[in-house]
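Below is one structure, written out as structure tokens; comments come after it.
The values are calculated or read from the model by the stated rules, or taken from the named source; none is laboratory data. Given the structure is predicted, the values throughout are model-derived calculations rather than measurements. Methodologically, a virtual Cβ is constructed for each residue, glycine included, from the backbone with ideal geometry; neighbour enumeration extends over all protein chains shown. Calculation scope for accessible area: heavy atoms of the full protein, side chains included, ligands and nucleic acids excluded. Shrake-Rupley method; radii C 1.70, N 1.55, O 1.52, S 1.80 Å.
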Amino acid sequence: MLGRGLKRKLSDYEENMAGLSSAFDSSRSLSYPLKRQLVLNMCLTKLQTYKMLVEPNLHRSVLIANTVRQIQEEMRQENNQQPVNICPGIAPASHSFTGMESPGISLQLPSGVAQQESHCCDLRSVEDPIENSLLIVSDDDMSSAISSILKDLDFVEDISPPTCLVPTGDDQPKFPENTGLKLEDDRQDLKGAECVFGSFEISNSTSYLKDLAIDDIFEDIDTSMYDSDFCCPPLMPPRSPSLAAEEPLKTFPSCNSSSASNIQICRTDLSELDHIMEILVGS
Amino acid sequence: FLGAGGGNDIQWCFSQVKGAVDDDVAEADIISTVEFNHSGELLATGDKGGRVVIFQQEQENKTQSHSRGEYNVYSTFQSHEPEFDYLKSLEIEEKINKIRWLPQKNAAQFLLSTNDKTIKLWKISERDKRPEGYNLKEEDGRYRDPTTVTTLRVPVFRPMDLMVEASPRRIFANAHTYHINSISINSDYETYLSADDLRINLWHLEITDRSFNIVDIKPANMEELTEVITAAEFHPNSCNTFVYSSSKGTIRLCDMRASALCDRHSMLFEEPEDPSNRSFFSEIISSISDVKFSHSGRYMMTRDYLSVKIWDLNMENRPVETYQVHEYLRSKLCSLYENDCIFDKFECCWNGSDSIVMTGSYNNFFRMFDRNTKRDITLEASRENNKPRTVLKPRKVCASGKRKKDEISVDSLDFNKKILHTAWHPKENIIAVATTNNLYIFQDKMN
């Protein structure tokens, strides 16, 4: 059997976590917010680990994502009830949370935030060492962790005519602001043929392709090889054959938003388009 | 709990154990499914290495009236091989997730076995005769020189040593994007369903190049996904009815006559949450790991992380019976979440008369609940109790406080020794219990 996923070395982090879980279970000195924070961090760590696997487990990912959503909802309600900052960790902390974009999770809080938190929270002594090993997580970070693992599962696993791969223009505002970077990271993670085609835009509504008639590009090119590589997902025979022709187009997410980050991605796609054209034309 | 003695109580005795004795478990030997056939004469196991081993019960010996026949290896074959999906750059595990037997129609036996992606129909047949005395061939198969053939001779069948052959008759592939968790044969014995995390497909046993999608819970946007399918089964008598369970603790009963795509359930079984037991892990532990109809078809049983529930098909709003499997784990959920044990998928099964249900636990313990007497028992599958006809000693876990003699404390439990797969003979009190890499067979004491 081939190996899968990454091996983790037992680290201080894991030993800390095991100790923390026991503390949670014995329910002695941990306050509720801290317990919640612990569970949240465990969830995010697991999701992060799953993202690094070739094929994350869908069932577990959904259960963990739901736990994060539950905690997120609770924290939102608390925030609504108490406008004064009880826990600055809840505030959008783009500066304090670098863990999600980078492969590893940084466990050390930037010193500024640690001081901020210690002003507001009423927990001390026993909980300080625990606090210092927990991440501060913002609402946006929770959302992006959830979307990122679920989107990964879709991309990697399902290549049958997926309407879900097409974030329409309406969906764009949903992504947190740092998605521009994330999309590029995701693209590097993509496997197989769809990796190259995944971020293509072949829709007449994009600005950068306005002057080009799509059909002209492909007019005299034999795309049968292109078709067979891509249009034969060995799945779901009951679907009507007429859909098959539309499949390649449907899988290309549109990026017809005018945001700068998306245009940057589209420009990179253009050079990939050239590269593909070279292969197809055989020049 | 059930003790030894008592008129109607079953006294379980060790009968056999199959598998390696080493503590070092080879990963390929990890048992992943156990299933008796419809008569109980055959017992199939599947393992992580993609192999199926079938045991056959010896015919009862008239002189040995104190025990039933032993199970011996009947056939071993490689059902699935590891595959690599080049398009998605993914390895497809050869681990056998489920085996289901077809009822016997002729001399051969048929079973369905499945890994994450592909279901196969296997024919297991016996050969105990072979033709001898060909006119045109030598005994070793070489053709004779035609000029030496001067007489006509017809081959006759002569007995030979029994050979059991397994051959794949159908391969049902390429219909599942996600991992198959269940297969279930319809009572019409012509169709069957296969379920993965998000979809359920209906197949005809004769047709491999197409299947019908009957349930699809995949949302248009995967980010909205909050629930997956965890198990599915056809009703034992009603060929248009099936159920599927979810990761949110619900069971949906669907009628295939209602519409082609059964996305809208006919009935939804769900128990309201007990607010006093609410925790961060409530949803995770409510995820149903197995669903099984009773033989009668009147009830169904579900297994979630801490309990077994019996549902009357006429009552959707709560189960009629709930049995706690290992309630002492409720106070350990964070640790069990941390080490991923909370995601273990335990199966459950009914006895032939639907009066007792059984399921596994940790430390190689397994539990039985008598629905009539309301008594339960905890037993252990261990080589230490391996004298045939010795009655197994009941076990008890001490949840808290002072541990009595012979009790084991929660913290001493070995969470690596889990019994996920158990099976009960359809007619007799014979059970098959799988530890990580060993198969135990227990029988009731016959007097």
Review point. Inside region B:332-347, can you point out the residues that are assigned to a loop (DSSP other than H, G, I, E, B) and surrounded by 22 or more Cβ atoms within 10 Å (Cβ to Cβ)?
Key: B:346, B:347
Exercise for review: Could you give me the residue pairs with C-beta distances under 8 Å whose first residue belongs to region A:25-46 and is within 8 Å of another protein chain (Cβ to nearest Cβ), whose second residue is part of a loop (DSSP other than H, G, I, E, B) and of a type in the set (A, V, I, L, M) wherever it lies, and which are 6+ apart or on separate chains?
Suggested key: A:38/A:30; A:38/A:134
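Might you check whether a residue that is among the aliphatic types (A, V, I, L, M), more than 36 Å from the chain's Cα centre (by Cα) and at pLDDT below 90 occurs anywhere in region B:128-151?
Yes; the residues of region B:128-151 include at least one that is among the aliphatic types (A, V, I, L, M), more than 36 Å from the chain's Cα centre (by Cα) and at pLDDT below 90.
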Check your understanding: Hey, among the residues in region B:201-217 that are within 13 Å of chain A (Cβ to nearest Cβ) and under 21 Å from the mean Cα position of the chain (by Cα), which one's nearest to residue B:103 (Cα to Cα)?
Key -> B:203
Check your understanding: Which numbered condition trips up residue A:8, out of (1) within 20 Å of residue B:343 (Cβ to Cβ); (2) modelled with pLDDT under 90; (3) within 11 Å of chain B (Cβ to nearest Cβ)?
Key -> (3)
Practice item. Give region B:378-403 a look and list any residue that's part of a loop (DSSP other than H, G, I, E, B) and more than 17 Å from residue B:360 (Cβ to Cβ), or say none. Key: B:386, B:387, B:388, B:389, B:390, B:393, B:399, B:400, B:401, B:402, B:403
Exercise for review: From the list B:322, B:359, pick out the single residue that is within 15 Å of the chain's Cα centre (by Cα) and either of a type in the set (Ser, Thr, Tyr) or within 14 Å of another protein chain (Cβ to nearest Cβ) (or both).
Suggested key: B:359
Practice item. Pull up region B:242-263, narrow it to residues that are touching a Lys or Arg at 6+ places or on another chain (Cβ under 9 Å) and of a type in the set (S, T, N, Q), then point me to the one that is surrounded by the most Cβ atoms within 10 Å (Cβ to Cβ). Key: B:245
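Yes/no matrix, rows are residues, columns are (1) in contact with a Cys (Cβ under 7 Å, 6 or more places away or on another chain); (2) among the polar types (S, T, N, Q); (3) at pLDDT 95 or above:
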{"site": "B:10", "(1), (2), (3)": "no, no, no"}
{"site": "B:38", "(1), (2), (3)": "no, no, yes"}
{"site": "B:45", "(1), (2), (3)": "no, yes, yes"}
{"site": "B:83", "(1), (2), (3)": "no, no, no"}
Point to revise | Filter result for residue B:410 (in contact with a helix residue (DSSP H, G or I) (Cβ under 9 Å, 6 or more places away or on another chain) and among the β-branched types (Val, Ile, Thr)) | key: yes
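If a residue must be outside any strand (DSSP E or B) and of a type in the set (S, T, N, Q), how many such residues does region B:163-176 contain?
1
Can you pull out the residues in region B:365-377 that are open to solvent by 20 Å² or more (accessible area, probe 1.4 Å) and within 21 Å of residue B:418 (Cα to Cα)?
Just the residues of region B:365-377 that are open to solvent by 20 Å² or more (accessible area, probe 1.4 Å), to begin with: B:367, B:370-376.
Those that are open to solvent by 20 Å² or more (accessible area, probe 1.4 Å) and within 21 Å of residue B:418 (Cα to Cα): B:367, B:376.
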Point to revise | Yes/no for residue B:176 being out of contact with any Gly (no Cβ under 6 Å at 6 or more places or on another chain), of a type outside the set (Gly, Ala, Ser) and surrounded by 19 or more Cβ atoms within 10 Å (Cβ to Cβ) | key: yes
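Would you mind stating whether residue B:118 is open to solvent by less than 40 Å² (accessible area, probe 1.4 Å), among the hydroxyl-bearing types (Ser, Thr, Tyr) and within 14 Å of chain A (Cβ to nearest Cβ)? First the steps, then the outcome.
On the way: open to solvent by less than 40 Å² (accessible area, probe 1.4 Å): yes; among the hydroxyl-bearing types (Ser, Thr, Tyr): yes; within 14 Å of chain A (Cβ to nearest Cβ): yes.
Here the answer is yes, as residue B:118 does meet what is asked.
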**Study point:** Selection within region A:50-64 - surrounded by fewer than 22 Cβ atoms within 10 Å (Cβ to Cβ) and among the aliphatic types (A, V, I, L, M)
**Key:** A:52, A:53, A:54
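Tell me yes or no: at least one residue of region B:352-360 is among the hydrophobic types (A, V, I, L, M, F, W, C) and open to solvent by 10 Å² or more (accessible area, probe 1.4 Å).
Within region B:352-360, the subset among the hydrophobic types (A, V, I, L, M, F, W, C) is B:356-358.
Next, from what is left, pick out any that are open to solvent by 10 Å² or more (accessible area, probe 1.4 Å): B:356.
Within region B:352-360, one or more residues are among the hydrophobic types (A, V, I, L, M, F, W, C) and open to solvent by 10 Å² or more (accessible area, probe 1.4 Å).
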Check your understanding: Going by the structure shown, is residue B:212 aromatic (Phe, Trp, Tyr) and closer than 19 Å to residue B:289 by Cα?
Key -> no
**Study point:** Residue check, residue B:69 in contact (Cβ under 8 Å) with a residue 24 or more places away in the chain and either among the small types (Gly, Ala, Ser) or under 30 Å from residue B:149 (Cα atoms) (or both)
**Key:** no
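I'd like to check something: does region B:216-228 contain any residue that is in contact with a strand residue (DSSP E or B) (Cβ under 8 Å, 6 or more places away or on another chain) and closer than 18 Å to residue B:322 by Cα? Walk me through how you get there before you give the answer.
Residues of region B:216-228 in contact with a strand residue (DSSP E or B) (Cβ under 8 Å, 6 or more places away or on another chain): B:216-218, B:227-228.
Keeping just the survivors that are closer than 18 Å to residue B:322 by Cα gives none.
The answer is no; no qualifying residue exists.
Have a look at B:132, B:91, B:27, B:81 and point out the one that is in contact with a Pro (Cβ under 8 Å, 6 or more places away or on another chain), surrounded by fewer than 20 Cβ atoms within 10 Å (Cβ to Cβ) and within 14 Å of chain A (Cβ to nearest Cβ).
Matching residue, one of B:132, B:91, B:27, B:81: B:91.
Does residue B:288 qualify as being within 14 Å of chain A (Cβ to nearest Cβ) and under 19 Å from the mean Cα position of the chain (by Cα)? Please lay out each step first, then the result.
Values: within 14 Å of chain A (Cβ to nearest Cβ): yes; under 19 Å from the mean Cα position of the chain (by Cα): yes.
For residue B:288, the condition - within 14 Å of chain A (Cβ to nearest Cβ) and under 19 Å from the mean Cα position of the chain (by Cα) - is met.
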Check your understanding: Taking region A:58-71 as the region of interest, how many residues are more than 8 Å from every other protein chain (Cβ to nearest Cβ) and not β-branched (Val, Ile, Thr)?
Key -> 1
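Kindly indicate whether any position in region B:404-423 is acidic (Asp, Glu), over 21 Å from residue B:292 (Cα atoms) and surrounded by 14 or more Cβ atoms within 10 Å (Cβ to Cβ). I'd like the intermediate steps shown before the answer.
Step one: list which residues in region B:404-423 are acidic (Asp, Glu), which gives B:406-407, B:411, B:414.
Right, trim to over 21 Å from residue B:292 (Cα atoms) and you get B:406-407, B:411, B:414.
After this cut, where a residue has to be surrounded by 14 or more Cβ atoms within 10 Å (Cβ to Cβ) as well, the list is none.
No, there is no match, as no residue in region B:404-423 is acidic (Asp, Glu), over 21 Å from residue B:292 (Cα atoms) and surrounded by 14 or more Cβ atoms within 10 Å (Cβ to Cβ).
Collect the residues in region B:147-161 that are open to solvent by 100 Å² or more (accessible area, probe 1.4 Å) and not hydroxyl-bearing (Ser, Thr, Tyr), keeping them in residue-number order. Break it down stepwise before answering.
So in region B:147-161, the residues open to solvent by 100 Å² or more (accessible area, probe 1.4 Å) come out as B:147, B:150, B:152-154, B:157-159, B:161.
Scanning region B:147-161 gives B:152, B:153, B:154, B:157, B:158, B:159, B:161.
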Check your understanding: What is the number of the single condition among (1) of a type outside the set (A, V, I, L, M, F, W, C); (2) at pLDDT below 95; (3) open to solvent by less than 70 Å² (accessible area, probe 1.4 Å) that residue B:64 does not meet?
Key -> (3)
Review point. Do we find that residue B:190 is open to solvent by 10 Å² or more (accessible area, probe 1.4 Å) and either modelled with pLDDT of 95 or more or more than 14 Å from chain A (Cβ to nearest Cβ) (or both) in this structure?
Key: yes
